[in-house]
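As structure tokens, the structure follows; a few thoughts come after it.
Derivation of every value follows stated rules applied to the coordinates shown; laboratory data play no part. As the structure is a prediction and not an experimental result, all values here were calculated from the model. Note that each Cβ is placed from the backbone with ideal geometry, even for glycine, and that neighbours are counted across all protein chains shown.
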Amino acid sequence: MSNINQSGWRPTTPQAGEASGGTFTGNRALMLEEPLIFEIGSTETTGVDFGEAPSGKSRLGGLERSRTIGLPGLSEPEAVRHYTRLSRQNYAIDLGLFPLGSCTMKHNPRLNERMARLPGFADLHPLTPVDACQGAFEVIHQLAHWLVTLTGMHSVAMSPKAGAHGELCGVLAIRAALDAKGQQARKVLLVPESAHGTNPATAAFAGFSVEDIPATEAGRVNLEALKARLGPDVAGVMITNPNTCGLFEPDMREISEAVHAAGGFVYCDGANFNAIVGRVRPGDLGIDAMHINLHKTFSTPHGGGGPGSGPVVFSEALTPYAPLPFVEKQGEQFVLVEEETAGEHHASSFGRMVAFHGQMGMFTRALTYILSHGADGLRQVAEDSVLNANYILRSMEDVLDAPFAKSGPCMHEAIFSDKGLPEGFSTIDVAKGLIDEGFHPMTVYFPLVVHGAMLVEPTETESKATLDQFIGAFRSVAARARNGDPTVKTAPHHAPRRRLDETLAARKPVLVWKAPVRAEAAE
Amino acid sequence: MSRYFTEDHEWIQVDGEVATVGITDYAQSQLGDIVFVETPEAGKTVSKGDDAAVVESVKAASDVYAPVAGTVIEGNAALADNPALVNEDPEGEGWFFKLTLADAGEVSSLMDEAAYKDFVSKL
Amino acid sequence: MRYLPLTQSDRQAMLATIGAKSVDDLFVDVPAAAQLDGPIHGLPLHASELAVERHMSALAKKNLAAGDVPFFLGAGAYRHHVPASVDHIIQRGEFLTAYTPYQPEIAQGTLQVMFEFQTQVARLLGCDVANASMYDGSTACWEAIVMARRVTKRGKAILSGGLHPHYVSVANTMAKFTGDQLVTSLPTFSPEPDTLDLINQIDDDTSCVVVQYPDILGRIEDMSALAEACRAKKALLIAVVTEPVALGAIKSPGEMGADIVVGEGQSIGVGLQFGGPYVGLFACSDKLVRQMPGRLCGETVDAEGKRGFVLTLSTREQHIRREKATSNICTSSVLCALAMSAHMTLLGEAGLRRLAEINHVAASAAADRLAEVDGVELVTDRFFNEFTLKLSKEARPVVRALADKGILAGVSLGRLYPGAAELQNGLIVAVTETTTEEDVETLASALEEALA
């Protein structure tokens, strides 16, 4: 078999906990149970008023939808209550510390939301004639200028829809650049073992084959091993810096120089840009392409799993291959360069990745955030995020194994392992214990190079008081796990749900609601 | 009839020309609850070390390699409905596929039960 | 700085705990040559909320918002009225500022929304299952083509000329790198889509046929015969829906035999937003679910036996399968999916059907009115809320001239197909419940003037 379950996460059916004191409704005071819309709504109910449709000619040509669709409706008060009740079963950055490593869950300023909702942005059609949407292009142009300047790069492609999409954009540009030089034989992308799973997935999607680069004991890319592997079949490397262990790659310049000398390109996963924004420019490290998660470093909301936004900055060498469309300033006018206007000037572009222009709603939010912080504030963001992470690292290393703590400070996230926990206890138990303490757990079992990894990223928007409370809770849960406290194994006890049976969900997938078969129908 | 093991935690039981392949008890314990198994179709020819099947828990997916070369006779149809068989009886009812051996001598390069036990104890 | 809680004395106390003299000590791994010594020159410094608001508002005012003028743009993005409560719901901090539900015990809100969304979308599109959303319609369309290749193990996809040109362009870009063969064509000014041509092109190498419904010119046609022809050759039929409100009035692609139905959900609940973020829809039959890309939420129980929801079948995804994943996607568009789901819940079936009826009747009346204008010919005779006009002169300059007068007249085919001389007189006009009769009159007289 291929490497069996490197992460060490061994799911099993959760143990039954002690019976809870039941109530008639199943509710527990402010903790309100909420049925599905299919159980409370009806197809006749609507929460939207319309006038009568005027009678008129039908041009549907016999395609009228005659069968019931099965979409339940709720009146407005019922709908607002349904979604409000559901929302209260979610943890969120608005409620407390959300230290998911590599996800940069920072405060989402509400000014961003207000600006994105200005009618000139929110109610603007993507195919509005270009003279009638100059303000939108100016937003894109201004944000592009900030991103290029903050990263010290040459250009930026704004259209990628999320981080993984940005990665795809970056590796496609590398492929296009190599193809243009007649180097179709360069098919291998080298990816560190510690890489996020999207890196190899993206490389494969773009037709590359992937080879691992080993890590050193200190959690960094093994420079010698990397150099040894470079050759005429290597297209480049995909490196995360700061890496997924929360460490800066000190050899980044040497890596870039070696890869360039061997004829390859350097892709940098910019997921962890928050640690260095305003202090280090990736362009100074020899990087050719890097995506920037606007939903991480630049505070656009994660929304429960998207939308994201993943602009990609490029070096001069890759700029000609960047995707369409993009915005250019010609005199006082902003123009949209797309298939039609790319012409000879941008003939090498690898093409279009999305309909329209990308995540405009995220651009307005990110620009609002960037202008709020300014160049000085963004630098402080990096410093405070790194300070907060090191504070947690040094406050925890005596109770949890911190595999890289001895090699020096971390960047914006601190990593711990499950080493030292007694038999039967693992990272998942510490995570679930933190839920009962009122915190969202850290990233667990990632990166794979650390067994039972716990990756803690506090971000800069947490106060010292919050960090102290978190550290107290984290220490308490870790100590309980070390002491074999069985109640940690059955945590969480106080969340809207106890541990959920993921095995059952995967063995017998129920992905849509189906009406229960009614027994009385037989009568 | 004799049983052999690979360092990748497959077992292979040879019975004349026909061999049965599965994953070891150690492998299933490392994966946790198995939720899905994809077995090869009859007639597929495999070389030693080829991807032959896929086994998934909720949090991990692994390819199962062919321990030796051969032609697949059948996949274990029972695993489609009941992948838990791999957890309950990995080295019996939870077998993955049967194949005819291309080279009956090839199994001799694999470990026997004692050697595999020793191998696992050192992991 | 209003977003940074640490005080200077906090920072000193924390540095002392860490055992560092200054924050610079924490950046020791960064080579000195790569470190900046202060804020980057030439960029402005931090600004107050009021100052930023002024800056952004000034930019917003340079745009011609749809709601301010007679507005007829569609072609993949539609303006519909979104109830006030939808925006209230998506701004609940517990939805807005949550992450992907990796810890299901404290993410049941998002998970239940995903489960409801999957069910609503599956029913709307007429399929067994739907995923929890993709980036947008154009990327969902490409993912469907790739999925068809995985399922059929064939590499040739036939794309209808009625498919949105941006969607075709995205597929062309990707296919260059993946080696998929795409057969594409341009639309023509025919009232019928190119169904017969498509049927004739299906062969034993065809992985899938991709049609849009309603198509880029607004045309609608029964795809049952096409589905039959695909089935006969063991190819898949992929239907793309860019205006899901239509499915309140017309048969779903699933009902007519499409194997995979993808689409753009923007028109229900999301708003125009200059093209994004939108929400990609992806639905298929039960038997294809393990080949489906994107996140899926499934029902299960917790340790006390209570119903709950979790992300499931995630071994298809990149974080576990790495280079063997079905797709590299790891973000969906959950907040937009919530907006769409909440809007569908507010509408309900009765509301959606009424909304669709109002759209159709209004569009039909507008088509009749505009066809009365000298120099205007109605190309499409069967459509939902969008139709194509053939003008007596090139449409693109007309659209620009009308925009200068404060009328957003529609999307010219010249904008979408700049190289296609034969299409330059085409104008796609969308009419929704937000369009008034007065708007239509304004457009009619402006066109009369422009074409005179």
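Overview of results
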{"read-out": "Chain A: mean projected area of Cα convex hull, nm²", "value": "32.3"}
{"read-out": "Chain lengthening between A:D179 and A:E39 when straightened (0.36 nm per residue, less Cα-Cα)", "value": "44.8 nm"}
{"read-out": "Quarter of Cα convex hull surface for region A:299-396, i.e. mean projection, nm²", "value": "9.9"}
{"read-out": "For the protein assembly as shown, average projected area of the Cα convex hull in nm²", "value": "43.5"}
{"read-out": "Kirkwood hydrodynamic radius of region C:1-91, from inverse mean 1/r over distinct Cα pairs, in Å", "value": "19.4"}
{"read-out": "222 nm mean residue ellipticity, helices alone, for chain B (DSSP H n ≥ 4; -39,500 (n - 2.57); rounded to 500)", "value": "-4500 deg cm²/dmol"}
{"read-out": "Percent breakdown of C-alpha pair distances by 5 Å bin, ordered from the shortest bin, for region C:66-136", "value": "3, 12, 15, 19, 21, 15, 9, 5, 1, 0"}
{"read-out": "Radius of gyration and Dmax over the Cα atoms of region B:2-103, both given in Å", "value": "12.2, 37"}
{"read-out": "Kyte-Doolittle mean at least -1.0 and Cα axial length at least 18 Å: DSSP H helices in chain A", "value": "A:134-151, A:163-180, A:360-396, A:464-482"}
{"read-out": "Order of A:T461, A:T300, A:T487 - criterion: other Cβ atoms within 10 Å of each residue's Cβ, fewest first", "value": "A:T487, A:T461, A:T300"}
{"read-out": "Where only C-alpha atoms are counted, convex hull volume of region A:311-368 per residue in Å³", "value": "111"}
{"read-out": "Neighbouring partner chain Cβ atoms per residue of B:24-35, average, 10 Å criterion", "value": "5"}
{"read-out": "Cα-based convex hull, region A:1-122, per residue volume (Å³, whole number)", "value": "364"}
{"read-out": "Helix-derived mean residue ellipticity, 222 nm - over chain A, DSSP H n ≥ 4, -39500 (n - 2.57), to 500", "value": "-10000 deg cm²/dmol"}
{"read-out": "Calculated SAXS-style log₁₀ I(q)/I(0) at q = 0.10, 0.12, 0.16 Å⁻¹ - region A:83-205, Debye, Cα scatterers", "value": "-0.56, -0.79, -1.17"}
{"read-out": "Where N is the number of residues in region C:96-202, Cα Rg divided by 2.2 N^0.38 Å", "value": "1.37"}
{"read-out": "Lysines whose Cα lies under 20 Å from that of B:K44, excluding same-chain neighbours fewer than 8 positions away", "value": "B:K98, C:K153"}
{"read-out": "Three semi-axes of the equivalent ellipsoid, region C:344-387, Cα gyration tensor, whole Å, largest first", "value": "28, 9, 6"}
{"read-out": "P(r), alpha carbons of region A:211-284 - 5 Å bins starting at zero, rounded %", "value": "3, 16, 29, 25, 17, 8, 2, 0"}
{"read-out": "Rg to Rh, two decimals, where region A:374-500 supplies the alpha carbon set and Rh follows Kirkwood", "value": "0.99"}
{"read-out": "Calculated FRET value between B:D103 and A:K406, using beta carbons and R₀ = 60 Å, to 0.05", "value": "0.70"}
{"read-out": "For B:V37, A:V354, A:V80, order by how many other beta-carbon atoms lie within 10 Å, fewest first", "value": "A:V80, B:V37, A:V354"}
{"read-out": "Histogram of C-alpha separations across region C:13-167, 5 Å bin width, %", "value": "1, 5, 7, 8, 12, 11, 11, 13, 10, 8, 7, 4, 1, 0"}
{"read-out": "For region A:207-215, 3J(HN,Hα) per residue [Karplus equation, 6.51 cos²θ - 1.76 cosθ + 1.60, θ = phi - 60°, Hz, x = Gly/Pro]", "value": "x, 8, 9, 10, 10, 6, 9, x, 9"}
{"read-out": "Rounded if a/c under 1.5, otherwise prolate or oblate - region C:146-240, Cα gyration tensor axes", "value": "oblate"}
{"read-out": "Cβ-derived FRET efficiency at R0 22 Å, C:T17 paired with A:R475, nearest 0.05", "value": "0.95"}
{"read-out": "Translational diffusion of region A:244-357, µm² s⁻¹ [Kirkwood Rh, Cα pairs; Stokes-Einstein; 10 °C; 1.306 mPa s]", "value": "98"}
{"read-out": "Computed log₁₀ I(q)/I(0) - Debye formula, equal Cα scatterers, no solvent, region C:355-452, q 0.16 Å⁻¹", "value": "-0.60"}
{"read-out": "Stokes-Einstein D (µm²/s) once Rh is taken as the Kirkwood radius of chain C over alpha-carbon pairs, at 10 °C in 1.306 mPa s", "value": "65"}
{"read-out": "Kyte-Doolittle mean at least -0.5, axial Cα span of 18 Å or more - DSSP H helices of chain C", "value": "C:108-125, C:137-152, C:165-178, C:334-371, C:437-451"}
{"read-out": "MRE, 222 nm, helices only [DSSP H, n ≥ 4, -39500 (n - 2.57), over chain C, to nearest 500]", "value": "-11500 deg cm²/dmol"}
{"read-out": "Over region A:112-368: Rg over Rh, Cα atoms, Kirkwood Rh", "value": "0.97"}
{"read-out": "Straight-distance crosslink candidates among aspartates and glutamates, where the alpha carbon sits under 17 Å from A:K508 and sequence neighbours closer than 8 are dropped", "value": "B:D33, B:E38, B:E56, B:D81, C:D128, C:D286, C:E299, C:D302"}
{"read-out": "Mean Cα-pair separation over length for chain B, i.e. relative contact order, pairs under 8 Å, 6 or more apart, %", "value": "30"}
